[in-house]
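Report on the structure given below.
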Amino acid sequence: MPMSQQIIFTNDIVETLEELHDQLKPSKTVFFTDDNVDEKVLGPLISPALKGGPLEDALVISKDEGEMYKTVGEVCNVWDFFQEEGLTRSSLVINIGGGVVTDMGGFAAACFKRGMRFINVPTTILCAVDAAIGGKTGVNHNGLKNEIGVFREAEAVIVSTSTFYTLPMMERLSGFAEMIKHAMLSSSEDFDEVLDNSVTDEDFDEDVWLPLLKKSIEVKRRIVAADPTESGLRKALNLGHTAGHAFESLAMRRNRLIPHGFAVAWGLVVAVVLSKMRNWLPSNILYRLASYVRTNYDVFHITCDDYPQLLDFMHHDKKNFDTESVRFTLLKGLGRPEIDCQVSDDEICAALDVYRDLFGI
Ligand SMILES: NC(=O)c1ccc[n+]([C@@H]2O[C@H](COP(=O)([O-])OP(=O)(O)OC[C@H]3O[C@@H](n4cnc5c(N)ncnc54)[C@H](O)[C@@H]3O)[C@@H](O)[C@H]2O)c1
Ligand SMILES: [Zn+2]
C-alpha cells in the first residue's frame with residue numbers, strides 16, 4: 001500500500017474541499033459525521049460556507065456519537081443511505097469528525113461498490129495525528145476493538161486547528177498524549193518542543209499548532225511508509241500502549257472509562273521507566289515526562305494487588321503475539337525506538353513500583 005495520501009494543512013477547510021472536489025469530480029458527495037460534530041462543527045462552521053459553491057448540494061449523514069456506535073450494524077445503515085441516494089464508485093465521502101467517524105466512514109466508503117474515494121477532515125487532535133492517517137479503517141465487533149476493517153487510504157486529509165476550539169479539554173489532552181508519543185519517537189528537540197506547549201491554553205494559534213501537528217503527523221507517516229501493513233517497524237507506534245492498554249482494561253473492569261490518551265500518557269511513563277532500568281535513557285527525561293503527565297493527566301491509581309491483573313492484560317494484549325513474555329516498544333534514546341523488547345514480569349512489577357513512586361501513590 002503506497003503512502004500516496006495528501007495531507008493538507010489549512011484553516012480554510014471549505015476552500016480546500018472545493019478545490020479537491022474540482023480535481024476529483026465525484027458523481028455525488030456525502031458528508032459523514034456524528035451528531036456532536038454536526039452540531040458543533042459542520043452546522044455552524046462548514047455548511048454556511050458551502051452555500052453557492054460546488055458542494056452546496058452535498059448530502060449529509062450523521063450517526064450517534066461515541067465508540068459504542070462504531071459497529072458493523074451502523075455501517076449497514078450508512079450503506080443503506082448510500083444505496084438510497086444512488087451513490088456510485090465515482091462518488092465521494094467526506095468524513096468529518098474524530099477517529100470513530102474516520103474509521104467507520106473510511107470503512108463504509110472502502111467497501112461500498114468495492115471502493116469509493118473518501119477525504120478525512122479530523123476534528124479531534126487524536127484523529128489529526130493518528131486515526132485519520134495511515135490507511136487503517138474499521139469497526140469493533142463482539143466486544144473486540146477494530147476487529148473488522150480494511151487498509152485503505154483517504155484521497156486527502158485536511159488538517160485544521162479551526163475545529164478544535166469546541167473540543168472538550170479531556171479530548172484535547174487525550175490527543176496530545178499521542179503527540180508526546182510521536183515526539184519521543186522523533187528526537188529530543190521535538191520532545192522539548194511539544195512539552196513546552198500547553199494544549200490546555202484557550203488559544204489554538206495556527207502558527208504554533210499547524211507546524212506542531214505537521215511534525216507529529218510526519219512521524220506517523222514516516223513509520224507507516226516503512227511498514228504499511230504493520231509487519232514490524234510500525235510497532236514503534238505502540239510506545240506507551242502496552243501498559244496503556246492494560247490500564248484501560250483495568251479501568252473498564254472498575255466500570256470507569258478513561259480517555260485512551262490518558263492511558264497512553266501513563267503508559268509512556270512506564271515505557272520510559274523500563275528504558276531507564278536498561279540504562280537506555282537518562283533520569284532527567286523520565287522526571288520531565290512524569291512531572292508533565294502528573295500535572296496534566298492526573299494519576300491512575302494502582303496498588304500491588306493490581307499487578308497480577310495488569311500483567312495478565314499485558315500478556316493477552318492483541319499486539320503481544322507471544323503470550324510467554326510481554327514485548328514492549330522501548331526507547332534506546334529519544335528518537336531511537338526499539339521494538340519487541342522482551343520484558344519479564346519481575347521487570348514490569350519493578351517498573352510499576354517506580355511508576356507509583358513517581359505519582360506518589
Ligand atoms: N485508524 C487508526 O489508525 C486509528 C488510530 C488511533 C485511533 N483510532 C480510533 O479512533 C477512535 C478515537 O478517536 P477520537 O478520540 O477522535 O474519538 P471520537 O471520534 O469518539 O471523538 C471523541 C468525542 O469528541 C467529539 N468531537 C469530535 N470533534 C469535536 C469537536 N471539534 N468539537 C467538539 N466535540 C468533538 C465526538 O463527537 C466524540 O464525542 C477510536 O475508535 C480508535 O479506535 C484509529
Ligand atoms: Zn493510541
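Take every DSSP beta bridge with both residues inside the chain and express the antiparallel ones as a percent of the total, to the nearest 5.
The answer is about 30 percent antiparallel.
Report, by chain and number, residues whose modeled amide H sits under 5 Å from the one on F9, excluding near sequence neighbours (fewer than 5 apart, same chain).
Correct list: V159.
Let me confirm the definition first: pairs of Lys residues in segment 6-167, 8 or more apart or on different chains, C-alpha distance under 19 Å. How many are there?
Final tally of qualifying lysine pairs is 11.
Net charge near L213, counting Lys/Arg +1 and Asp/Glu -1 over other residues with Cβ under 13 Å of its Cβ? Kindly include the intermediate steps, with their values, before the conclusion.
Values: positive: R172, K214, K215, K220, R221; negative: D130, E178, D190, E193, D205, E206, D207, E218.
With Lys, Arg at +1 and Asp, Glu at -1, the net is -3.
Just name one of Y69, A290, L274: the one whose Cα is farthest towards the positive end of the charge dipole of the chain (beta-carbon charges, Lys/Arg +1, Asp/Glu -1).
Highest projection toward the positive end goes to L274.
Please list, ordered by chain and number, the residues whose modelled amide H lies under 5 Å from the amide H of V326; skip anything fewer than 5 residues away on the same chain.
V343
Using the Karplus curve 6.51 cos²θ - 1.76 cosθ + 1.60 with θ = phi - 60°, work out ³J(HN,Hα) for each residue of segment 210-225 in order, rounded to whole Hz, and write x for Gly and Pro.
4, x, 5, 5, 4, 4, 5, 5, 4, 5, 5, 4, 5, 5, 5, 4
May I ask you to compute the full-extension gain from D22 to T200, defined as 0.36 nm times their residue separation minus their alpha-carbon distance, rounded to one decimal in nm? Can you show the working numbers first?
Details: separation 178, 0.36 × 178 = 64.08 nm, distance 3.75 nm.
This chain segment gains 60.3 nm when fully extended.
Mean 1/r over all different Cα pairs, inverted: what Kirkwood radius does the chain give, in Å? Display every interim value, and only then the final one.
Numbers: mean 1/r = 0.0475 Å⁻¹.
The Cα-based Kirkwood calculation yields 21.0 Å.
What is the angle, in °, between the Cα long axis of helix 345-358 and the longest principal axis of the Cα atoms in the chain? Nearest 10 is fine, range 0 to 90.
That helix lies at roughly 80 degrees to the long axis.
Tell me which aspartates and glutamates have Cα within less than 14 Å of K215's Cα, excluding those fewer than 8 residues away on the same chain?
D130, E178, E189, D190, D192, E193, E206, D207
So, in Å, what gap is there between the alpha-carbon centers of segment 48-91 and segment 171-246?
Cα centroid of segment 48-91 versus Cα centroid of segment 171-246: 30 Å apart.
Rounding to the nearest 20 debye, state how big the charge dipole of segment 257-317 is about its Cα centre with +1 on each Lys and Arg Cβ and -1 on each Asp and Glu Cβ.
420 debye
Do you know the relative contact order of segment 6-167, to the nearest whole percent, from alpha carbon pairs under 8 angstrom that are 6+ apart?
On the way: 291 pairs, mean separation 43.2, N = 162.
Computed value for segment 6-167: 27 percent relative contact order.
Only Lys, Arg, Asp and Glu count, each charged at its Cβ (+1, +1, -1, -1), so figure out the dipole size of segment 19-163 about its Cα centre, rounded to 20 debye.
Details: 13 positive and 20 negative charges, 103 e Å.
Dipole magnitude for segment 19-163 comes out near 500 debye.
First check a/c for segment 29-99, with a ≥ b ≥ c the square roots of the eigenvalues of its C-alpha gyration tensor; if it is under 1.5, answer rounded, and if not, answer prolate when a/b is larger than b/c or oblate otherwise. Let's see the in-between values first.
Values: a/c = 2.53, a/b = 1.15, b/c = 2.20.
In terms of gyration-tensor shape, oblate.
What residues from segment 74-103 fall in the zone where the backbone N is under 13 Å from a label point 7 Å along the Cα-to-C-beta line of T166?
96-98
When the dipole is taken about the Cα centre of segment 176-242, and only Lys, Arg (+1) and Asp, Glu (-1) are charged at their Cβ, what size is it in debye, to the nearest 20? Write out the running numbers ahead of the final one.
Numbers: 8 positive and 15 negative charges, 148 e Å.
Taking the Cα centre of segment 176-242 as origin, the dipole is about 720 debye.
Apply 1/(1 + (r/R0)^6) to the Cβ-Cβ distance of N284 and F151, taking R0 = 45 Å, and write down the FRET efficiency to the nearest 0.05.
Working: r = 39 Å, r/R0 = 0.87.
That pair, N284 with F151, gives E of 0.70.
Taking the mean number of other Cβ atoms within 10 Å as a proxy for protection, how do you rank 275-286, 199-210, 178-189 from highest to lowest?
Working: 275-286: 15.8, 199-210: 13.2, 178-189: 22.8.
Averaged packing, sorted descending, gives the order 178-189, 275-286, 199-210.
Computed from the coordinates by the stated procedures, all read-outs in this text should not be read as laboratory data. Quantities reported herein were computed from a predicted structural model and do not represent experimental measurements. We place every Cβ from the backbone using ideal geometry, glycine too, and count neighbours over all the protein chains shown.
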